[in-house]
Amino acid sequence: MTSSAPNSFRALPDPDGHFGNFGGRFVAETLMPLILELEQAYKDAKADPAFKKEMDYYLRHYVGRENPLYFAERLTEELGGAKIYFKREDLNHTGAHKINNCIGQILLAKRMGKTRIIAETGAGQHGVATATVCARFGLPCTVYMGSKDIERQSPNVFRMRLLGAEVKPVVSGSNSLKDAMNEALRDWVTNVEDTFYIIGTAAGPHPYPEMVRDFQSVIGNEARRQIMEAENRLPDQVIASVGGGSNAIGLFHPFLDDKGVEVVGVEAAGHGVHTGKHAASLSAGKPGVLHGNRTYLLMDDDGQIKEADSISAGLDYPGIGPEHSWLKDIGRARYEPITDKEALAAFKLCSELEGIIPALECSHAIAQIMKEAPKMGKDKIILMCLSGRGDKDIFTVAEALGVEL
Amino acid sequence: MSDAIIGGQDRIAKRFAKLKEEGRAGLVTFITAGDPDPETSFEILKQLPEAGADIIELGMPFTDPMADGPAIQEASLRALAAGMHMRKTLSIVRGFRDQDHDTPIILMGYYNPIYIYGVAEFLEDARNAGVDGLIVVDLPPEEDAELCIPTVEKGLSFIRLTTPTSDDKRLPKLVQNTSGFVYYVSVAGVTGAGSASNEQIVEAMGRLRRHTDLPIAVGFGIKTAAQAADVAKQADAAVVGSAIVSKVAESLDENGKATDKTASMVTGLVRELANGVRNARK
């Protein structure tokens with residue numbers, strides 16, 4: 001499906017929210033007026049210098065930006081090839097990149113006069129980030145979370161409750177992230193007057209994929225400037241893990257028109273792509289329509305959505321943001337699968353060599369670097385998004401390693 | 001050429017013309033294809049017209065029915081667990097058409113299973129099976145090129161959902177490219193939730209009438225014969241879904257399997273609802 005290269009890879013979506021064949025607005029009619037209202041409000045906010053100023057203020061003073069671009073010297077030595085840099089999103093307030101987007105969306109919600117916030121969460125990172133900004137801005141918050149995820153991410157559930165959010169367990173379907181998203185959409189369709197839905201990833205109906213990408217692009221914009229300062233040149237490769245794909249698109253987008261920069265996304269291959277128990281929608285799925293957009297999905301021959309499987313609850317989703325689907329199809333980015341086992345090995349290696357406990361999500365990207373960096377020359381540079389800290393994952397990892405805490 | 005290939009718009013138009021002649025509103029009943037299993041749902045389907053259904057909405061099961069409440073979600077999952085899929089749904093319609101040439105059948109569901117089937121092939125097969133129209137919840141007019149336009153070109157109706165959020169600005173866009181009837185979702189919410197008041201329905205009907213001459217069916221939250229009768233006083237048809245599907249659930253044994261009461265419990269409720277609708281304007 002490769003088409004001729006466009007003049008710019010950064011010009012989409014089109015006015016109807018399409019990235020090539022992907023994206024769109026596949027939602028129930030009840031939600032359409034809300035989505036159109038949101039689109040207009042976002043356009044207005046984007047054009048308003050006061051909005052940008054407000055956003056910058058909170059990113060700096062509340063989130064703690066800018067965060068460092070860190071040279072992972074010992075990991076680089078160990079792998080013996082390309083120089084490896086980490087964009088340290090783990091050092092943000094709440095410990096992950098998710099808050100960048102939440103700040104943007106809650107400021108927009110306030111602008112629109114909305115008085116109630118809902119969100120879905122998988123690993124709980126987006127739920128925590130949403131609960132955090134809701135506490136800060138004084139809005140009531142309801143977070144939908146699959147009952148399976150509530151079990152495996154109990155520290156984050158408690159965190160959300162401490163922050164004053166109501167965490168609603170979702171027991172429909174497969175009890176995980178996709179079902180939490182269904183339930184959040186059901187809430188929204190019921191509470192159309194006052195509610196703003198803060199979607200956590202660069203997916204869903206237009207304008208969410210564009211809006212979330214824009215809010216997360218602070219990652220790539222900073223990283224681009226920082227690598228120029230550190231190395232006086234652009235990296236040879238930018239790499240990030242993809243679940244829905246918001247940290248990845250945030251890192252990638254500012255580099256898409258830099259022809260010399262290779263773009264690599266890393267998917268969760270769970271027990272292995274061949275086993276059918278994975279979350280690798282780009283490697284093993286096909287285009288379909290779910291949660292408001294057309295994108296690569298895991299499904300059966302009848303178009304029924306399959307359950308995803310990954311040790312990382314944050315990647316455990318059977319779809320992917322539509323812009324990634326487009327980048328894959330036109331060949332601007334490549335996407336590689338990494339298994340639970342490989343991610344665990346990377347989690348350990350990074351902890352031991354760098355003194356950084358990475359989230360299981362971005363451990364997938366580290367695992368891909370372990371494969372690629374040794375084959376690259378020492379003059380090459382890899383820039384990775386270290387999207388979150390791994391403290392939340394210690395129970396999962398301990399269990400996988402057979403350690404009793 | 002069999003009767004099954006009569007253009008779908010005709011069958012719906014004829015049915016509403018007949019209702020008008022009889023001076024009453026119609027009853028639109030929803031069941032999920034394959035719920036609780038393909039055979040039982042086929043039995044229920046065949047008995048619906050006799051029980052008083054004027055138009056039938058047949059749900060196409062989907063794993064992620066985002067606009068549906070628990071009752072219809074569970075019906076979808078029961079059907080899928082019993083091995084239901086799109087080809088079987090169409091074959092159930094074909095079986096129904098062999099014996100009933102007049103009752104319109106509208107397939108209702110979500111876009112992905114149709115998209116994966118292939119739009120052109122799906123429309124061909126649906127039309128040949130005797131389907132009259134489609135309601136696809138996650139295809140607003142902004143996505144008309146996907147399925148709505150090809151459906152209308154095929155001679156089938158594409159029935160649109162209008163909602164309390166559909167204002168005078170939005171409605172012209174909604175009634176464009178639509179045919180058969182307009183479905184008014186009387187509350188903002190998922191299927192099976194609360195119902196709208198009479199005043200709200202009257203207000204909405206007035207708004208809709210300013211924008212379309214098509215018949216208007218009103219649904220969401222109608223559970224009893226009395227509620228159906230109230231709606232039937234205002235609208236051209238009353239739609240009942242979750243309450244009927246809940247009867248299926250109620251009738252199952254402890255293993256979730258159909259019992260000999262399943263079909264009769266469903267048709268029993270449909271009979272009550274039909275009574276309500278038929279006597280509403282008397």
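Points worth noting:
- Stokes-Einstein diffusion for the range B:222-282 at 4 °C, viscosity 1.567 mPa s, with a Kirkwood radius from C-alpha pairs, works out to 107 µm²/s.
- Using only side-chain charges placed at the Cβ, +1 for Lys and Arg and -1 for Asp and Glu, the dipole size of the range A:334-405 relative to its Cα centre rounds to 360 debye.
- Put simply, the protein assembly as shown fits an ellipsoid with semi-axes of 48, 25, 23 Å; these come from the alpha carbon gyration tensor as the roots of five times its eigenvalues, largest first.
- Extension reserve of the A:Glu399-A:Gln40 stretch, reckoned as 0.36 nm per residue once the Cα distance is removed: 124.5 nm
- For the range B:77-183, the fraction of alpha-carbon pairs in successive 10 Å shells from zero, as %: 14, 46, 30, 10, 0
- Efficiency of FRET from Cβ geometry, A:Lys110 and A:Lys277, R₀ 30 Å, rounded to 0.05: 0.10
- Per residue of A:280-293, other chain Cβ atoms within 10 Å of the residue Cβ number 2 on average.
- CD proxy at 222 nm, helix term only [per DSSP H run n ≥ 4: -39500 (n - 2.57); per residue of chain A; nearest 500]: -12000 deg cm²/dmol
- Three-way shape label, the range A:49-158, alpha-carbon gyration tensor, a/c 1.5: oblate
- 10 Å Cβ neighbours from other chains, averaged over peptide B:56-69: 5
- The Rg/Rh ratio of the range B:22-134, with both radii computed over alpha carbons and Rh defined as the Kirkwood radius, is 0.95.
- The stretch between A:Ala230 and A:Asp391, if pulled fully straight at 0.36 nm per residue, gains 55.1 nm over its current Cα-Cα span.
- Peptides A:224-236, A:280-292, B:113-125 ranked from most to least packed give A:280-292, B:113-125, A:224-236, packing being the mean of other C-beta atoms within 10 angstrom over each peptide's residues.
- Note on the range B:3-279: dipole from Cβ charges, positive end direction compared against B:Ala228, B:Tyr117, B:Val190; the farthest Cα belongs to B:Ala228.
- From the largest down, the range A:181-338 spans 51, 44, 28 angstrom on the principal axes of its Cα atoms.
- Annotation: average projected area of the range B:3-279 is 12.7 square nanometres, based on the convex hull of Cα atoms across all directions.
- With semi-axes defined as the square roots of five times the eigenvalues of the C-alpha gyration tensor, the equivalent ellipsoid of the range A:190-254 measures 31, 11, 7 Å, largest first.
- Rg and Dmax, both from the Cα atoms of the range A:296-403 and both in Å, are 15.6, 49.
- Averaged over the residues of A:180-186, the number of partner chain Cβ atoms lying within 10 Å of the residue Cβ comes to 4.
- Unit Cα scatterers, Debye sum, the range B:77-139: log10 I(q)/I(0) for q = 0.12, 0.13 Å⁻¹: -0.29, -0.34
- Only the Cβ atoms of Lys and Arg (+1) and of Asp and Glu (-1) were treated as charged; on that basis the dipole of the range B:3-279 about its Cα centre amounts to roughly 600 debye.
- At 1.306 mPa s and 10 °C, Stokes diffusion of the range A:88-211 via Kirkwood alpha-carbon radius, µm² per second: 112 µm²/s
- Cα coordinate range in the range B:127-190, projected on the principal axes (Å, largest first): 35, 21, 18
- Those residues of the range A:212-244 whose amide nitrogen sits under 17 Å from the label point placed on A:Arg334, 7 Å along Cα→Cβ: A:236-242
- Note on the range B:128-282: Kirkwood radius taken over Cα pairs, Stokes-Einstein applied at 10 °C and 1.306 mPa s, translational D equal to 94 µm² s⁻¹.
- Highest-first arrangement of A:92-99, A:372-379, B:272-279, where packing means the average Cβ count within 10 Å: A:92-99, B:272-279, A:372-379
- Amide H contacts of B:Thr32: B:Gly59, each under 5 Å away and 5 or more positions distant or on a separate chain (H built 1.01 Å from N in the peptide plane; Pro and chain starts excluded).
- Cα-Cα pairs of the range B:111-152 separated by more than 16 Å (percent): 29 percent
- The range B:3-279 - percent relative contact order, Cα under 8 Å, separation 6 or more: 24 percent
- Inter-site label distance for B:Thr224 and B:Glu250 at 7 Å from Cα along Cβ, in nm: 1.3 nm
- Taking each DSSP H run with n ≥ 4 as -39500 (n - 2.57) and averaging over every residue of chain B yields -14500 deg cm²/dmol at 222 nm.
- Relative contact order %, the range A:50-156, counting alpha carbon pairs below 8 Å whose residues are six or more apart: 21 percent
- Ranking B:Val175, B:Leu269, B:Thr40 by Cα position along the charge dipole of the range B:3-279, where only Lys, Arg, Asp and Glu carry charges on their C-beta atoms, puts B:Val175 farthest toward the positive end.
- Relative to the compact-globule estimate of 2.2 N^0.38 Å, the Cα radius of gyration of chain A comes out at 0.90.
FYI, it's all coordinate maths here, none of it is from the lab. Nothing here was measured: the structure is a model prediction, and the numbers come from that model. Counting neighbours? That spans all protein chains shown, and the Cβs are built from the backbone with ideal geometry, glycine included.
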